[in-house]
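Asker: Can you read through this structure? Questions will come right after.
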Amino acid sequence: MDKMETKNIMIVGVGGQGTLLASKLLGRLLLQKGYDVKVSEVHGMSQRGGSVVTYVRWGDKVYSPIIDKGQADCILSFELLEAARYTEYLKQGGRIIVNSQQINPMPVIAGAASYPEKLEEKLRALGIDVDVLDALALAEEAGNSKAVNLVLMGRLAKHFDFTEEEWMDAIEHSVPPKFLELNKKAFALGRKA
Amino acid sequence: MKTLMLGNEAVARGIYEAGCAFVSSYPGTPSTEITEYAAKYEEIYAEWAPNEKVALEAAFGASLAGKRSFCAMKHVGLNVAADPLFTISYTGVNAGLVIGVADDAGMHSSQNEQDSRHYARAAKLPMLEPSDSAEALAFSKLAYELSEKYDTAVLMKMCTRVSHSQSVVEPGERELPIQKEYEKNPAKYIMMPANAKKRHPEVETRTKALEEWAETAQINRIEEGNDHSFGIVTSSTCYQYVKEAFGDTYPVLKLGMIWPMPKQKIKDFAAGVEQLAVVEELDGFIESHCKDLGLQVSGKELFSNIGELSQNQVKEKLGKPAPAGVSLDENIPARPPVMCAGCPHRSIFYVLKKLKLTVLGDIGCYTLGAVPPLGAIDTTICMGASVSGLHGFVKAKEEHTGKSVAVIGDSTFIHSGVTGLINIAYNESDATVIILDNSITGMTGHQQNPTTGYNLKGDPCTKIDLESLCRAVGISRVRVVDPYDMETCQSVIEEELAAKEPSVIISRRPCALLKYVKHPGPVCSDPEKCKGCKACMNIGCPAISMVDGKAKIDATLCVGCGVCEQLCKFDALGAAR
């Protein structure tokens, strides 16, 4: 059998948005499917509202814990500007799934820089698959604005060939029981949207 | 059963399986989770020590008592622990002693990117270097075997990418080592000159023996390749980059023990390839060793000694094209980390800036007080340097008195600020030290410390009273303020700066992210009243932005600390009505 090429998802966002839970969930799912998996996170200083990146990689054998430029099959972005920041990491013909929410970084808040306009259009013009959704609105619809991560997981599920049971197992093992129903709802909304 | 584990969790699992019974550490990114995970095992006594020196000495004491012991720290923490480190090298151990040290190439969360491997050579201690979680687990167990077999502390060197990446491991069972008793042995444990002189040759003999072991050790392995035009010597996460870049193309010598390194094994490897290359992050440590062996080798002439490497860099530098990404021609504003909304440190920095003071800073979340628009900090060096530095700053030039302060967090103050304060009291400088007491060790992710009243396991314990501590070392002026009350903060700071004696101001309010902290709820902005003066923008709160010339509060971020309200002259910001 041919060796499976390593698959790469980059999860990017703003520190505090819940990107670590998303990577934990994906890691669980991929391990259950029998893949070799590596998930790389950054802790500490950058978690304080800075730009955060998590790498999720799987295949028959995964070496590097990080995804390098031109390697990502998919970028899952929790915020619009962050999707734009990391396009260099995307493979030619890759896909960006992006929450349309805009969170101003401090240089924009302080008036030293401006938030780029029409980013959605500019991303689409790159000849890549861009899937935009308002994950914050869907999370609020599910009952809590903090469920943005599960909405985005739901959207990711649309593009990957994993079964409903596999996703549900991963969700059940990654979120606290008291938020399980809320998170399942958020996941379903993201998947359907 | 196979499971995904963070490298740090795998170290904790490894020491658990090896029968480790005692862990003492000080938190520091990227090492912190080793100790947090170790504390989850009931069989392991685990604690946060006030600093790394204390942690290592405590771990040594436990080893002396006959229990396998461990302590973890970040790279700069090893500087603090260096004093016991170099002499523990002479004494050796009783039960196994392993020291975890995590480097931070790329400085994701550090003030420098020193290469800890130099410590292994300088202190003459063996150092293992895992490249993923499975090795982190296996090497932790091996480290105890080596420690007891060779009578030495063993360094376990991690890095951000190994510590903070999850990969697949298969946990085993805990096995208790042979029980050891403490036996009095002055010649081995009392390092006064007469004894130490006899121990030093033992250290050199031990290093020779470990060098021998390194020649045949399975963790220093050669992976064959089909193209011998290059042979690559590497270790740690760089091994993963090399394999990702070249697969089985070139032969690879992967070093699992980075000190001492084998000699003959490397020479033999080099003899079988046309060109020898070393791929390693930061300094040319392996490269120097190869050069000492008289080998022709390419290393730092290809790869930078600054920051992290990656698979693309390895490809490009060794002559293989790296993939090009999708390029977006757009100016993307940076997103630096910021103080959280409601952070109790923010208002203090606003006041310090307003008073145009020179501020000697320290290590913690509050280092973010250096970032615009606050920009209120003048220096950040290392743990405790604010307090001791301030003493020199005001002693050297009298005109600095009354115009400069030190700011330091509660945990950092206990770590090594208090000794600086003793110097201020003892040598009588009119220094004003502000302790930012947010009741937790914040930056590393909320660890307890001696001022919080809880220990690592979460149990209530003795709580150091900061006011009494400061008074006990000789500071009679000790004031406590609530940082959310800016007017009082300002007047207290002014009074203490004017006082002709040293003083401590404790700015006390728990971290806004602590679960037990109750917030009043978001502030509202009134666009009718807002004149667009931007006074509220000067505190750098991520919850406030200007939209169409008016201040707008992001209700998902705002916790209602009320600091911005105090800045608004037009009553445009206030509690929701």
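Asker: Only one residue in B:90, B:119 is assigned to a helix (DSSP H, G or I), aromatic (Phe, Trp, Tyr) and touching a residue at least 60 places away in the same chain (Cβ under 8 Å). Which one?
Answerer: Just a single option satisfies the conditions, and that option is B:90.
Asker: Let me ask something additional. Could you check, for region B:5-16, whether at least one of its residues is under 19 Å from the mean Cα position of the chain (by Cα), surrounded by 24 or more Cβ atoms within 10 Å (Cβ to Cβ), away from chain A (no Cβ under 14 Å) and within 18 Å of residue B:137 (Cβ to Cβ)?
Answerer: yes
Asker: So which helices (runs of 4 or more DSSP H) stay within region A:99-181 end to end and still have 2 or more residues that are among the basic types (Lys, Arg)?
Answerer: Qualifying helices (runs of 4 or more DSSP H): A:119-124, A:148-159.
Asker: Pairs needed: first member in region A:12-23, more than 10 Å from chain B (Cβ to nearest Cβ); second member anywhere, among the small types (Gly, Ala, Ser) and crowded, with 24+ Cβ neighbours inside 10 Å; C-beta distance under 6 Å; at least 6 residues apart or different chains.
Answerer: Short answer, once both residue conditions are applied: A:12/A:77; A:19/A:13.
Asker: Further question: So is residue B:61 away from every other protein chain (no Cβ under 14 Å), at negative phi and crowded, with 21+ Cβ neighbours inside 10 Å or not?
Answerer: The answer is no for residue B:61.
Asker: Follow-up. Among the residues in region A:109-121, are any at pLDDT 95 or above and among the small types (Gly, Ala, Ser)?
Answerer: no
Asker: Tell me which residues, restricted to region B:45-71, are of a type in the set (S, T, N, Q) and under 20 Å from residue B:441 (Cα atoms).
Answerer: We begin by selecting, within region B:45-71, every residue of a type in the set (S, T, N, Q); these are B:51, B:63, B:69.
Within region B:45-71, just B:51 meets the criteria.
Asker: While we're on this one: For region B:364-415, which residues satisfy the criterion of being over 21 Å from residue B:50 (Cβ atoms), outside any helix (DSSP H, G or I), modelled with pLDDT of 95 or more and of a type in the set (A, V, I, L, M, F, W, C)?
Answerer: Listed by number, the residues that qualify are B:376, B:377, B:405.
Asker: Take the residues in region A:120-144 that are without any contact (Cβ under 8 Å) to a residue 12 or more places away in the chain and surrounded by 15 or more Cβ atoms within 10 Å (Cβ to Cβ); name whichever of them is farthest from the other protein chains (Cβ to nearest Cβ).
Answerer: A:137
Asker: Name every residue in region A:24-39 that is in contact (Cβ under 8 Å) with a residue 60 or more places away in the chain and facing chain B (nearest Cβ under 9 Å), in order of residue number.
Answerer: Answer for region A:24-39, where residues must be in contact (Cβ under 8 Å) with a residue 60 or more places away in the chain and facing chain B (nearest Cβ under 9 Å): A:24, A:28.
Asker: In addition: Out of the residues in region B:155-188 that are within 14 Å of chain A (Cβ to nearest Cβ) and among the charged types (D, E, K, R), state the one that is surrounded by the most Cβ atoms within 10 Å (Cβ to Cβ). Please lay out each step first, then the result.
Answerer: Narrowing region B:155-188 to residues within 14 Å of chain A (Cβ to nearest Cβ): B:158-171.
Going one step further and asking which of them are among the charged types (D, E, K, R), we end up with B:161, B:170.
Values: B:161: 32, B:170: 11.
So the residue we want is B:161.
Asker: Sticking with this structure for a sec: Residues B:555, B:551: which one is within 12 Å of chain A (Cβ to nearest Cβ), touching a Pro at 6+ places or on another chain (Cβ under 9 Å) and assigned to a loop (DSSP other than H, G, I, E, B)?
Answerer: B:555
Asker: So, in region B:180-208, how many residues would count as being within 33 Å of the chain's Cα centre (by Cα) and farther than 13 Å from residue B:90 by Cα?
Answerer: 3
Asker: OK, next. Output the residue which, of all residues in region B:214-233 that are in contact with a Phe, Trp or Tyr (Cβ under 8 Å, 6 or more places away or on another chain) and within 19 Å of residue B:255 (Cβ to Cβ), is modelled with the lowest pLDDT.
Answerer: B:230
Asker: Just wondering, is there one or more residues in region B:324-334 that are outside any loop (DSSP other than H, G, I, E, B), in contact with a Ser or Thr (Cβ under 8 Å, 6 or more places away or on another chain) and not basic (Lys, Arg)?
Answerer: Of the residues in region B:324-334, the ones outside any loop (DSSP other than H, G, I, E, B) are none.
No, region B:324-334 contains no residue that is outside any loop (DSSP other than H, G, I, E, B), in contact with a Ser or Thr (Cβ under 8 Å, 6 or more places away or on another chain) and not basic (Lys, Arg).
Asker: Go through region A:14-63 and report how many residues are buried (at least 24 other Cβ atoms within 10 Å of the Cβ), hydroxyl-bearing (Ser, Thr, Tyr) and in contact with a Pro (Cβ under 6 Å, 6 or more places away or on another chain).
Answerer: 1
Asker: Identify the single condition in (1) more than 9 Å from every other protein chain (Cβ to nearest Cβ); (2) in contact (Cβ under 8 Å) with a residue 60 or more places away in the chain that residue A:102 does not satisfy, given that it satisfies every other one.
Answerer: (2)
Asker: Now a separate question. Of all residues in region A:40-58, which are at the interface with chain B (Cβ under 7 Å from one of its Cβ atoms) and among the basic types (Lys, Arg)? Let's see the steps before the verdict.
Answerer: Kept after step one, since they are at the interface with chain B (Cβ under 7 Å from one of its Cβ atoms), are these residues of region A:40-58: A:40-46, A:48-51.
Across region A:40-58, the qualifying residue is only A:48.
Asker: Name the one entry in B:483, B:460 that is closer than 14 Å to residue B:507 by Cα, within 30 Å of the chain's Cα centre (by Cα) and not aromatic (Phe, Trp, Tyr). Break it down stepwise before answering.
Answerer: Details: B:460 fails: closer than 14 Å to residue B:507 by Cα.
Just a single option satisfies the conditions, and that option is B:483.
Asker: For region B:225-251: of the residues being within 30 Å of the chain's Cα centre (by Cα) and polar (S, T, N, Q), which is farthest from the other protein chains (Cβ to nearest Cβ)?
Answerer: If we take residues in region B:225-251 being within 30 Å of the chain's Cα centre (by Cα) and polar (S, T, N, Q), then B:235 is farthest from the other protein chains (Cβ to nearest Cβ).
Asker: Hey, does region A:59-76 have a residue that's among the charged types (D, E, K, R), at the interface with chain B (Cβ under 8 Å from one of its Cβ atoms), part of a strand (DSSP E or B) and more than 28 Å from residue B:551 (Cβ to Cβ)?
Answerer: no
Asker: Of a type outside the set (S, T, N, Q) and under 27 Å from residue B:146 (Cα atoms), is that true of residue B:289?
Answerer: Details: of a type outside the set (S, T, N, Q): yes; under 27 Å from residue B:146 (Cα atoms): yes.
Yes, satisfied.
The values are calculated or read from the model by the stated rules, or taken from the named source; none is laboratory data. Small disclaimer: the values here were computed from a predicted structure and weren't measured. Ideal geometry is used to build each Cβ from the backbone, glycine not excepted, and the neighbour counts take in all protein chains shown.
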